[in-house]
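Notes follow the structure.
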There are 4 protein chains.
Amino acid sequence: MCRFLAYLGEPILLEDLVCKPRHSLVRQSLRAEEAKTITNGDGFGVGWYGERESPGVYHEVMPAWSDENLLALCANVRSRLFFAHVRAATGGGISRQNCHPFHHGPYMFIHNGQIGGYPQVRRGLEALLPDPHYENRRGGTDSELLFLLTVARIDGGMPVIDAVRSVLHDTVDLMRAKGITAPLRFAAALADGEQAWAFRWASDDQPPTLYLKPQRGGWAVASEPLGDDAEAWSPIAPDQMIHLRAGQQNAYALV
Amino acid sequence: MCRFLAYLGEPILLEDLVCKPRHSLVRQSLRAEEAKTITNGDGFGVGWYGERESPGVYHEVMPAWSDENLLALCANVRSRLFFAHVRAATGGGISRQNCHPFHHGPYMFIHNGQIGGYPQVRRGLEALLPDPHYENRRGGTDSELLFLLTVARIDGGMPVIDAVRSVLHDTVDLMRAKGITAPLRFAAALADGEQAWAFRWASDDQPPTLYLKPQRGGWAVASEPLGDDAEAWSPIAPDQMIHLRAGQQNAYALV
Amino acid sequence: MCRFLAYLGEPILLEDLVCKPRHSLVRQSLRAEEAKTITNGDGFGVGWYGERESPGVYHEVMPAWSDENLLALCANVRSRLFFAHVRAATGGGISRQNCHPFHHGPYMFIHNGQIGGYPQVRRGLEALLPDPHYENRRGGTDSELLFLLTVARIDGGMPVIDAVRSVLHDTVDLMRAKGITAPLRFAAALADGEQAWAFRWASDDQPPTLYLKPQRGGWAVASEPLGDDAEAWSPIAPDQMIHLRAGQQNAYALV
Amino acid sequence: MCRFLAYLGEPILLEDLVCKPRHSLVRQSLRAEEAKTITNGDGFGVGWYGERESPGVYHEVMPAWSDENLLALCANVRSRLFFAHVRAATGGGISRQNCHPFHHGPYMFIHNGQIGGYPQVRRGLEALLPDPHYENRRGGTDSELLFLLTVARIDGGMPVIDAVRSVLHDTVDLMRAKGITAPLRFAAALADGEQAWAFRWASDDQPPTLYLKPQRGGWAVASEPLGDDAEAWSPIAPDQMIHLRAGQQNAYALV
């Protein structure tokens, strides 16, 4: 399991959420409180939208807590929409290519959870990727695969919620066909540069935690609350998708 | 293009070939003489057989010339059969998973060259991998793919030369089917812990350079001669496979 | 020897100088044309001023040419004053702490050159550092030491040109006292967030190259011209300091 | 605080202590049980004596738990005398130069603990280093400094126990002169290729834990027991030095 956060709102310094809160994501990399794995030290990444259509993305295999570059970057980059992720590797080796956020065109994605029995279904899932998205596969994680499958369907014209639903559905089908009983767990966030979507779902009844908080005329989403203002964070209900845009957020049933 | 060396013979310190010669592989990482890319600084690796059936393998994304761990390792590890490789990335990002030698069971492999139009044929080639070898795919390079395809056929009972021949043949077929005119180039070495094979071949008439030299009751193979004794190194003829065992070497037509 | 560039002017994306020119600094990391060492692959760094008094600084031990983070950063960060540096290690191991730019409070510094006989004079030079600057020593390079000595004198009230002059003078004195005949060579740039200074000097008559070019209502300084517009770059004369501010540049005799 | 282990006895694979035990040092890097810092993920190192007078040393800034090179190295290197160390950084940045074991000539050293108020006494301690040892200072840690001071005295003819005693004494004197009340804590091991010494001491009454266990005709020393055989490990008494040689171990009062 991993820890992540997402922000959409007035431009703020990344450090306001990534580094400064008492229980910031950097702190969670060393000592998470609600995660199955306490330490999330197998690399990390941040991605942010600035002047361009596609995000700037920084990946590193070192633990977030010991990377001075991350502190410098977060102290000097201001963004209206950014993601950050600290990794506890479950499948796939330690490499930058396996660090979140993944990105493709204007899209960016972070994930906490995993595909049960991934080695057995990986091949079948990769077979579902259209050629252009297959060529864009850079690492070996289940998370990147879920992302590319989703983007492929969005690129094909599907609404975001339908794309995610159908990818989760197809994945579970493949898992069942292989007789896998381990669950598919999926807390995730997706952005396109203007809006963001957060997802909380699992094929069993234990989706990873995910919280939402109003923040500076916008919202922050995080695997666990970031600090002293614990009561300001509301759990996102299981099986929900939250759609975040400037000035509004809407919840939808994911299944 | 990359640079590599292979050794089979009486146990010697790795540094005797990797670090100490005037034009050692470490030196070639900074300044190769016969390579298309002068600098081979996109990671490196060494692999050696010791007491176990499978080799010990060390991969690093830093350039070989600046890695003190490599010097320490090579000054202290003695082996009868080892490979070393410095990389100039052509396809696939910089990661340890993309560094040679690749290994699987008792087999170890290094490669210099590339599959023309790799992004277009990658998918088709990966489809040829049996499931167990597909699951063992760790990076994204063409070299690892050629290795796993070869090992899959060896594991299936094919002699080494036939396995390599058929993999090269199938790859060229796929390239042609995709209308790729860029060549497949293949200088490589394979080992199983007891014996080693060196290959020099290309689909056009320009196979990467490869040299052979008697060394300490055994042989060294290298992309370019390692130093002052240039005349002791003989070019391996194009389209040949050299089979190296204790006390003997034999050349075979590869095609 | 290393390669560096400095920019002061209207805010531009870092990539406009660091990555995009035909002979950009990233390109020079792999293949410099006027340097004693062709490859500058022993780490690199960029530093830029944004909203804060002190600069954001990014250091990495990988070669600049293979770091995707650098591309992403430079494509998304815009600054009115920034430095970039690719390193060919002469003294001091490969570590982020030994990568330029060095920074202290509002000051940032990059250097190409070296102190002849550094191991013999290092101790004597370090003894000249006041305690607070000694405590801020993070790596082991001669460059960081020249920077901290300079900043200590500026902090003590000395004008920049006098601080640099006296540090160079004291260093040469120490070298002579130790009987060192190798030269002190010094192409460097210093910034304080508002203005920048470029220096070209050597204790023999062979100072490292340094060029100046008007750029976007400001100036770029570089170890060698960045591209097609070679004629737009003027060599900075030996033994000179160039003082760069918004709208003006002035040259001073450094000795 | 960090975690370490030392072994002297019949040659064994490093993995027998570093990787394989239930509570191995690799496991302790992620989840130590008796340490002030649970996670020791700020780099690590192993050092071993083989055919040469000086040890082979491998340093890495990644956490030990995620480094496949470490597993490969430990599975293939056999030694009669080796050290391993996982770091939780207290002073000094994350760099290979700051990773243990430190080495100089035939000597190798690992340390758990710290010099209270190190930034204030660092300069005074460095002033005690003779020139040749000062020139060998590669990083910025208190541990390396304690090592070089000790080796300088051993090189000057002092017995090991007197060298360590006098270094600890001088350090405490300097701390007092600076009015530092934080303690000097020192669990450490030193080797010269034939014999090893383990130390447990603190200037207050809280020396870091250190355990001793007979192992394969020799001994293992560790910050905490390595696994199921907890009862086989005896705490080393505070203020003691254990001298380990082939076939014998002797305890001495350290103060």
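Could you tell me how many of the residues in region B:222-239 are within 16 Å of B:A6 (Cα to Cα), in contact with a Phe, Trp or Tyr (Cβ under 7 Å, 6 or more places away or on another chain) and in contact (Cβ under 8 Å) with a residue 24 or more places away in the chain?
Here is the first cut: in region B:222-239, the residues within 16 Å of B:A6 (Cα to Cα) are B:222-227, B:232-236.
When the remaining residues are screened for being in contact with a Phe, Trp or Tyr (Cβ under 7 Å, 6 or more places away or on another chain), the result is B:222-225, B:233-236.
From what is left, the residues that are in contact (Cβ under 8 Å) with a residue 24 or more places away in the chain are B:222-225, B:235-236.
Residues flagged as within 16 Å of B:A6 (Cα to Cα), in contact with a Phe, Trp or Tyr (Cβ under 7 Å, 6 or more places away or on another chain) and in contact (Cβ under 8 Å) with a residue 24 or more places away in the chain within region B:222-239 amount to 6.
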When every residue in region C:213-223 that is of a type outside the set (A, V, I, L, M) and more than 18 Å from C:S143 (Cα to Cα) is compared, the one surrounded by the fewest Cβ atoms within 10 Å (Cβ to Cβ) is C:G217
Filter result for the condition that a residue is over 24 Å from A:A35 (Cβ atoms) and among the charged types (D, E, K, R), over A:R123, A:R87: A:R123
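So is B:G43 within 11 Å of chain D (Cβ to nearest Cβ) and either within 21 Å of D:L73 (Cβ to Cβ) or touching a Gly at 6+ places or on another chain (Cβ under 7 Å) (or both) or not?
Answer is no for this residue.
Restricting attention to region B:28-36, does a residue exist that is crowded, with 24+ Cβ neighbours inside 10 Å and among the aliphatic types (A, V, I, L, M)?
If we filter region B:28-36 for residues that are crowded, with 24+ Cβ neighbours inside 10 Å, which is where we start, we get B:28-29.
Okay, now just the ones that are also among the aliphatic types (A, V, I, L, M), so none.
Within region B:28-36 (the criterion being crowded, with 24+ Cβ neighbours inside 10 Å and among the aliphatic types (A, V, I, L, M)), the answer is no, since none of the residues qualifies.
Which of the following residues is more than 24 Å from D:K36 (Cβ to Cβ), at pLDDT 95 or above and in contact with a strand residue (DSSP E or B) (Cβ under 6 Å, 6 or more places away or on another chain): D:A202, D:A196? Spell out the reasoning first.
Details: D:A202 fails: more than 24 Å from D:K36 (Cβ to Cβ).
Unique residue meeting the criteria: D:A196.
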Which of the residues that make up region C:47-90 are over 17 Å from the mean Cα position of the chain (by Cα) and of a type in the set (D, E)? C:E51, C:E53, C:D67, C:E68
Quick one: is C:S143 of a type in the set (S, T, Y) and within 14 Å of chain A (Cβ to nearest Cβ)? no
The lone condition B:E135 fails out of (1) of a type in the set (D, E); (2) farther than 18 Å from B:Q97 by Cα; (3) touching a Lys or Arg at 6+ places or on another chain (Cβ under 9 Å) is (2)
Residue hits (region D:243-255; in contact (Cβ under 8 Å) with a residue 24 or more places away in the chain and outside any loop (DSSP other than H, G, I, E, B)) are D:H243, D:L244, D:R245, D:Q249, D:Y252
Only one of C:E33, C:E51 is in a loop (DSSP other than H, G, I, E, B), acidic (D, E) and within 11 Å of another protein chain (Cβ to nearest Cβ), namely C:E51
Please note which strands (runs of 3 or more DSSP E) are completely contained in region C:94-212 and include at least 2 residues that are of a type in the set (G, A, S) and crowded, with 24+ Cβ neighbours inside 10 Å. C:184-191, C:196-202
Please specify each residue of region B:229-242 satisfying the condition of being within 17 Å of B:V160 (Cβ to Cβ) and assigned to a loop (DSSP other than H, G, I, E, B). B:I236, B:D239
So which residues in region D:65-75 are surrounded by 23 or more Cβ atoms within 10 Å (Cβ to Cβ) and facing chain B (nearest Cβ under 7 Å)? D:L73
Looking at (1) out of contact with any Leu (no Cβ under 7 Å at 6 or more places or on another chain); (2) assigned to a loop (DSSP other than H, G, I, E, B); (3) buried (at least 20 other Cβ atoms within 10 Å of the Cβ), which is the one condition that is false for D:L226? (1)
Looking at (1) facing another protein chain (nearest Cβ under 9 Å); (2) over 20 Å from D:L168 (Cα atoms), which one does D:Q120 not meet, given that it meets all the others? (2)
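The values are calculated or read from the model by the stated rules, or taken from the named source; none is laboratory data. Since the structure is predicted, the reported quantities are computational estimates derived from the model, not experimental observations. A quick note on method: Cβ atoms are made from the backbone with ideal geometry, for glycine too, and the neighbour counts reach across all protein chains shown.
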